[in-house]
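Participant: Would you mind keeping the following structure in view while I ask a few things?
FYI, it's all coordinate maths here, none of it is from the lab. Just so it is clear, the model here is predicted, and its values are computed rather than measured. All Cβ positions, even for glycine, are placed from backbone atoms using ideal geometry, and neighbour counts span all protein chains on display.
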Ligand code: LLP
């Protein structure tokens, strides 16, 4: 058995908790071969590992264990009910950004008193639903939102717990599309306006400011910006407390990066060490909102090669998975490892791994030394985060199946869409 066939997203714990390994030359998810999964459920198919999810979440929880803390999984990274269920059973909190994500957490059995609500555009309806559900706090991102929340809470006769999401103006040093902590980004309240907003909250009565937070960007590969952001928030926390604001927690955000290729990916313990003591010294509970780091390495996208083809100088493996299934390569030029389900020596020539969608941006991987024939199965690594959730029906392609492996069992946790599903709610003109 070869451990860690993929460029590893650190999965924490013992190597035995690595969920995807070759056994007798065939890639397995825990104890089940990906051949078997493809035969039973078809391709393309997302395959998740329960053990992988548990190992990674536990890794995070232990990293922060010295201090009072709550890990709030960012549901946007993977909202499948089975994934949320596994995390809810471990006692996870959840960071949501919509009424839809709230409903998912509820349907998966997650505790709503451990739900925090992020996002800069919460609708009245979403605020009402979350107030009725009794969530842990609203991460408020503007004065307009504070007023709207106060009105909605007053109408329901309740008091809304608020955490002010500030924009600390810190460069997370990541892809510009996923940086969120700079003044030029739409997110958060300018940090210098937070005190005035807290004062306004006090005047409103139906809201109570009990926390502050920031999220500066995703796929952070060093702990420096994370630490700096918390440092700025701690200075603000001192001022808010001097103003009489009863702060109970600080939300350091998510954004912990993973290793897709050759990036450094700090361990959870390094993120914890960068901020834990200083937050605890203020008597504040520490909240974090990791998405990617918890789930990326616990999922692969399984796809079958339909054709091999050569166009001039370029060699292609045309697969049944495409940009509509995994958008990250097309959208961010993201690099995902791709390996054969049958273990093979690398090829001397390179190939582009592409899908059937009619766009030249439709690729999963380019210029890879893969020995691959038509009919072969490939696995795209680190696909557990921002994979299925960003998929679409572009080109009228039904969305992929999702399977969760748990030891020696594979559960179909979302069936492949059928073509009829695609337009069953549409209609022709009368
Ligand atoms: N909290 C907030 C307020 C966020 O906006 C995000 C991600 C997270 C937490 C979780 O960040 P994570 O720990 O997963 O990095 N689609 C992109 C990533 C977008 C992230 C948006 N916000 C991708 O595929 O790389």
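Participant: At 222 nm, what helix-only mean residue ellipticity would the chain give, in deg cm²/dmol to the nearest 500, using -39500 (n - 2.57) for each DSSP H run of four or more? All intermediate terms of the calculation are to be shown ahead of the outcome.
Facilitator: Numbers: 12 runs with 122 residues, N = 430.
-8500 deg cm²/dmol, from helical runs alone.
Participant: Could you tell me what % of all Cα pairs in segment 67-116 have separations over 16 Å? Display every interim value, and only then the final one.
Facilitator: Working: 272 of 1225 pairs.
Result for the distance tail: 22 percent.
Participant: Which FRET efficiency value, to the nearest 0.05, is calculated for residue 411 and residue 65 with the Förster distance at 35 angstrom and r the Cβ-Cβ distance? Don't jump to the answer; show the numbers that get you there.
Facilitator: Numbers: r = 30 Å, r/R0 = 0.86.
The computed FRET efficiency comes out at 0.70.
Participant: Give, as ranges by residue number, the residues of segment 324-341 whose backbone N falls under 11 Å from the point 7 Å along Cα→Cβ of residue 366.
Facilitator: In segment 324-341, the label zone of residue 366 (backbone N under 11 Å from the point 7 Å along Cα→Cβ) covers 330, 333-334.
Participant: Calculate the tail of P(r) for segment 9-119: the fraction of all Cα-Cα distances greater than 23 Å, expressed in %.
Facilitator: Tail fraction, whole percent: 38.
Participant: Thinking of segment 65-148 as a set of Cα atoms, what percent of all their pairs are more than 20 Å apart?
Facilitator: Value for segment 65-148 (Cα pairs over 20 Å): 29 percent.
Participant: On full extension of the chain, what length is gained from residue 107 through residue 313, given 0.36 nm per residue of separation minus the C-alpha to C-alpha distance?
Facilitator: Values: separation 206, 0.36 × 206 = 74.16 nm, distance 5.07 nm.
That pair, residue 107 and residue 313, stretches by 69.1 nm at full extension.
Participant: Now for a different question. To the nearest µm²/s, what D does Stokes-Einstein give for the chain at 4 °C and 1.567 mPa s, using the Kirkwood radius over alpha carbon pairs as Rh?
Facilitator: 58
Participant: Which order do the peptides 220-228, 382-390, 258-266 take when ranked by the mean count of other beta-carbon atoms within 10 Å per residue, highest first?
Facilitator: 382-390, 220-228, 258-266
Participant: For segment 278-430, report the convex hull volume of the alpha-carbon atoms normalised per residue, in Å³, without decimals.
Facilitator: 213
Participant: Which value in nm describes the separation of the simple spin-label points at residue 267 and residue 349, placed 7 Å from the Cα toward the beta carbon?
Facilitator: Between residue 267 and residue 349, the simple spin-label model gives 4.4 nm.
Participant: What share of the DSSP beta bridges in the chain is antiparallel, in percent to the nearest 5?
Facilitator: 50
Participant: Please label the shape of segment 54-211 as rounded, prolate or oblate, based on the square roots a ≥ b ≥ c of the eigenvalues of the alpha-carbon gyration tensor (a/c under 1.5 means rounded; beyond that, a/b larger than b/c means prolate, else oblate).
Facilitator: Oblate shape, in that a/c is at least 1.5 and b/c is the bigger or equal ratio.
Participant: Right, another one. Ranked highest first by the average count of other Cβ atoms within 10 Å around their residues, in what order do 116-122, 203-209, 334-340, 136-142 fall?
Facilitator: In descending order of packing, they fall as 136-142, 116-122, 334-340, 203-209.
Participant: By how many degrees, 0 to 90 and rounded to 10, does the Cα axis of helix 124-133 deviate from the longest principal axis of the chain?
Facilitator: 80
Participant: Distance from a point 7 Å along Cα→Cβ of residue 36 to each backbone N in segment 259-303: keep the residues under 19 Å and list them by number.
Facilitator: Only 299-303 fall inside the zone, counting backbone N under 19 Å.
Participant: Here is a follow-up. Pairing the Cα long axis of helix 194-204 with the longest principal axis of the chain, what angle in degrees results, from 0 to 90 and rounded to the nearest 10?
Facilitator: 60
Participant: Sticking with this structure for a sec: Taking only C-alpha pairs under 8 Å that are 6+ residues apart, what is the relative contact order of the chain in percent?
Facilitator: On the way: 1013 pairs, mean separation 83.7, N = 430.
In percent, rounded to a whole number, it is 19.
Participant: In degrees, nearest 10, range 0 to 90: what is the angle between the Cα axis of helix 50-63 and the longest Cα principal axis of the chain?
Facilitator: Relative to the chain, helix 50-63 is tipped by roughly 40 degrees.
Participant: In segment 97-185, what is the volume of the convex hull around the alpha carbon atoms, normalised per residue and reported in Å³? If you can, show how the numbers build up before the last one.
Facilitator: Numbers: hull volume 9.5 nm³, N = 89.
Given the Cα convex hull of segment 97-185, per-residue volume reads 107 Å³.
Participant: Would you please put 155-164, 52-61 in order of how densely packed they are, using the mean number of other Cβ atoms within 10 angstrom per residue and starting with the highest? All intermediate terms of the calculation are to be shown ahead of the outcome.
Facilitator: Values: 155-164: 18.5, 52-61: 22.6.
Taking the mean over residues of other Cβ atoms within 10 Å, the ranking is 52-61, 155-164.
Participant: Distance between Cα centroids, segment 288-324 to segment 202-217: provide it in whole Å.
Facilitator: Rounded to whole Å, the Cα centres lie 41 Å apart.
Participant: Express the Stokes-Einstein translational diffusion coefficient of segment 118-290 in µm² s⁻¹, to the nearest whole number, given a Kirkwood radius over alpha-carbon pairs, 10 °C and a viscosity of 1.306 mPa s. Spell out each step's value before the answer.
Facilitator: Numbers: Rh = 16.3 Å.
Here the translational diffusion coefficient equals 97 µm²/s.
Participant: Moving to a separate point now. So for segment 118-290: antiparallel DSSP bridges make up what percent, rounded to the nearest 5?
Facilitator: Close to 5 percent.
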